Amino acid sequence: MAGEEKKLKTAVFQEETRIFNPPKDLVENSNVMKWMKKKGFKTEKEMRAWCSSDEHYLEFWDEMAKTYVDWHKPYTKVMDDSEMPYFHWFTGGEINITYNAVDRHAKGKKKDKVAYIWIPEPTDQPTQKITYGDLYKEVNKFANGLKSLGLKKGDRVSIYMPMIPQLPIAMLACAKLGIIHSVVFSGFSSKGLMDRAADCGSRAIITVDGFYRRGKPVPLKQNADEAAAGAPAVEKIIVYKRAGVDVAMKEGRDVWWHDLVKGRSEECEPVWVDPEHRLYILYTSGTTGKPKGIEHATGGNAVGPAQTLHWVFDLKENDVWWCTADIGWVTGHSYIVYAPLILGMTGLMYEGAADYPDFGRWWKNIQDHKVTVLYTAPTAIRMFMKQGPQWPAKYDLSSLRLLGSVGEPINPEAWMWYREHIGRNELQIMDTWWQTETGTFLNSPLPITPLKPGSCTFPLPGYDISILDEDGKEVPLGQGGNIVSLKPYPSMLRAFWGDKERFMKEYWQFYWDVPGRRGVYLAGDKAQRDKDGYFFIQGRIDDVLSVAGHRIANAEVESALVAHPKIAEAAVIGKPDEVKGESIVAFVILRIGNDPSPELAKDAIAFVRKTLGPVAAPSEVHFVNDLPKTRSGKIMRRVVKAKSLGNPVGDISTLMNPEAVDHIPLIV
Ligand code: WTA
């Protein structure tokens, strides 16, 4: 059942004894407390347990689905598990998510409420405030443009754009028509875009001429051209003019955004879809080199993100919400686009780099726009820690009332710094644990939860999260194991685009044949609970790196390296990095006739940068003569990692070439 790489390491666990209780007024005024009072719950523990219980979880989700979403046609069944592990939610209903996110606000009291405050990176360009009424018109015009190109329900469209308002507009326009969007992070290379657009058979790519990064325009359109060359279904490239970069437009294929929307109607009927209709495909890294296309359904993603945002970050009518993620990742999909808009909130979007023109930019944004709730990542916090508290200290951050963290375990030191220097030693930090696959937070504090630094506390109401050993038994408090979800929930992934077998293998197979455990979802993280039941996430089980909060598969970087004409074999590991969490280190064997040199190392790095994009480029390349392998020829990354970081290499009795271990240099 358990593959060698899935064996759990026994981690050293330091007990966290500090507890940070939420202030009374936060608790009393919280959205969740209001609901608890209505329902007659006395304690948080009782409430969380009730909502996630076998008897009540479907009743809970039924109530949430009716609270947060308007259904065009009511569903007849909350959840259908007859095709497990393909769970279906809200069957028999009809919905349009853009109707819920935009239309109903634009046609109601929120017409003039600001949906997005958008801050361009260049400091001489004005901030834009986009109301729900504006958003309605822009989405409809663009949707009508898409329609005019013959794009329709069920088609896939790749969106490759920086953090500008046209990115959510493009997503919402697709969703309005039932077109399945697949956003590709604009930091990926043309090959990254090509692989993804080809895999899901995108009929169009929406992109920009270029964008601003640290004050300079960076061209992007050319990447889309290169990608289209290898993605045969792409018929159209739509280009929004953002940075005034010269681009070549191919006659008959390429069209400017401004030409496409010219003269279009500001009205567009929503296409009502089955709640299971796919809203989006988002690619993420798995254990093999090939990125997997996670399919997300419409109904579940209308309900789950909005409900969790409302309860965890406690958003109220006058809040200004800032999630600093890029929309190219799931955090942006759920918590910059769908959830805040469904709730009718005001969100901030910032186009550029955190250090442009200096390390005060984020804090100035918060001061200027009176941001009340900030949601960011440990990697950003560590970067600011390194720069020193003088940057946030220059600005008035008194509008902030709640903080959040996502992406990787937040080390208690960074947690304390965040609370002290951003949160005036007062604010609670919502450490939300979740994944691309889950669509919403699974484990997270609520505003009523006493916190421990570094802990994502407990499973949220409606989610049944546990920690199991390899045989499917729940591990006792104080011990580590595989974190799993025992029950389905509305926003969970539905499938992998075009790969049923891998979907089964990666998430469900592990416990499938264990009695009573069929349908248990293996998240791929290790976790542990302390004596009070607080969850601490300890990192990935599989070979996936976490670099500046981004998931990158070791295998993907290795396969990019061996595509270099001078490289024969490669092993990639994550080296602990103070700021990024992990930095990528590669050990490579050269093809015969090539000699190691600093230039070749640089060239290999540049090669990966070109192939996969800057996020996946190694920071170090080391040349070796041999790499430790199992008898079946699989490179033992675990051993490479232990040896190079100066840790005990453990059991190497299964190695085909144990002497190879001696060739691995120490890199710390
Ligand atoms: C890690 C990002 C600890 C974890 C939403 C997970 C975390 C992977 C946390 C998913 C957290 C995310 N504490 N670890 N609060 N949040 N992770 O798909 O390993 O980009 O499996 O989704 O990030 O990364 P993904």
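What the table shows:
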| read-out | value |
| --- | --- |
| Extension gain, Trp272 back to Glu578 (0.36 nm per residue minus Cα-Cα distance, nm) | 105.4 nm |
| Cα centroid of the stretch 444-518 to Cα centroid of the stretch 234-285, whole Å | 36 Å |
| Calculated from backbone phi, Karplus (6.51, -1.76, 1.60) coupling profile of the stretch 310-318 in Hz, x at Gly/Pro | 5, 7, 6, 9, 6, 5, 10, 3, 9 |
| Residue-by-residue Karplus 3J(HN,Hα) for the stretch 346-362, coefficients 6.51, -1.76, 1.60, Hz, glycine and proline x | 9, x, 9, 10, 10, 6, x, 7, 5, 10, 10, x, 7, 6, x, 4, 4 |
| Within the stretch 338-370, backbone nitrogen closer than 18 Å to the virtual label 7 Å beyond the Cα of Asp112 toward Cβ | 345-346 |
| Where labels lie 7 Å past Cα in the beta-carbon direction, separation of Glu413 and Glu55 in nm | 4.8 nm |
| Whole-percent carbon and sulfur share, accessible surface of the chain, 1.4 Å | 52 percent |
| Mean Cα-pair separation over length for the stretch 187-282, i.e. relative contact order, pairs under 8 Å, 6 or more apart, % | 27 percent |
| When each of Lys45/Lys292; Lys316/Lys394; Lys113/Lys176; Lys37/Lys176 is checked by Cα-Cα distance, pairs over 26 Å | Lys45/Lys292; Lys316/Lys394; Lys37/Lys176 |
| Calculated log₁₀ intensity ratio I(q)/I(0) where the Debye formula runs over C-alpha points of the chain, q = 0.06, 0.08 Å⁻¹ | -0.32, -0.59 |
| Centre separation in Å (Cα based) which lies between the stretch 82-131 and the stretch 633-668 | 49 Å |
| In the stretch 543-663, lysine pairs closer than 19 Å at Cα, eight or more apart or cross-chain | 10 |
| The stretch 404-528 shape via C-alpha gyration tensor axes, a/c threshold 1.5 | prolate |
| Per residue solvent-accessible surface (Å²) - the stretch 538-590, probe of 1.4 Å | 29 Å² |
| The stretch 298-396: C-alpha gyration tensor shape, a/c 1.5 cut-off, then a/b vs b/c | prolate |
| Cα gyration tensor shape for the stretch 543-663, rounded if a/c is under 1.5, else prolate or oblate | oblate |
| In the stretch 133-209, the trypsin sites (Lys or Arg not before Pro) that fall in loop regions by DSSP, at most 13 other Cβ within 10 Å | Lys152, Lys153 |
| Extension gain from Ala393 to Asp626, taking 0.36 nm per residue of separation minus the Cα-Cα distance | 78.8 nm |
| Distance between the stretch 578-613 and the stretch 295-352 - C-alpha centres, whole angstrom | 37 Å |
| Neighbourhood net charge (11 Å Cβ-Cβ; Lys/Arg +1, Asp/Glu -1) for Glu16 | 0 |
| Inter-site label distance for Asn21 and Asn594 at 7 Å from Cα along Cβ, in nm | 6.3 nm |
| Whole-Hz couplings from phi, Karplus 6.51/-1.76/1.60, listed for the stretch 542-559; x for Gly and Pro | 8, 8, 10, 8, 10, 10, 6, x, 9, 8, 10, 7, 3, 4, 5, 5, 4, 5 |
| Check: the chain dipole with +1 on Lys, Arg Cβ and -1 on Asp, Glu Cβ, in debye | 980 debye |
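The values are calculated or read from the model by the stated rules, or taken from the named source; none is laboratory data. Bear in mind that the values here come from a model prediction, so they are computed numbers and not experimental data. Because the Cβ atoms are built from the backbone with ideal geometry, glycine has one as well, and the counts that use them run over all protein chains shown. Note: accessible area is taken over every heavy atom of the protein model, side chains too, but ligands, DNA and RNA are not part of it. Shrake-Rupley method; radii C 1.70, N 1.55, O 1.52, S 1.80 Å.
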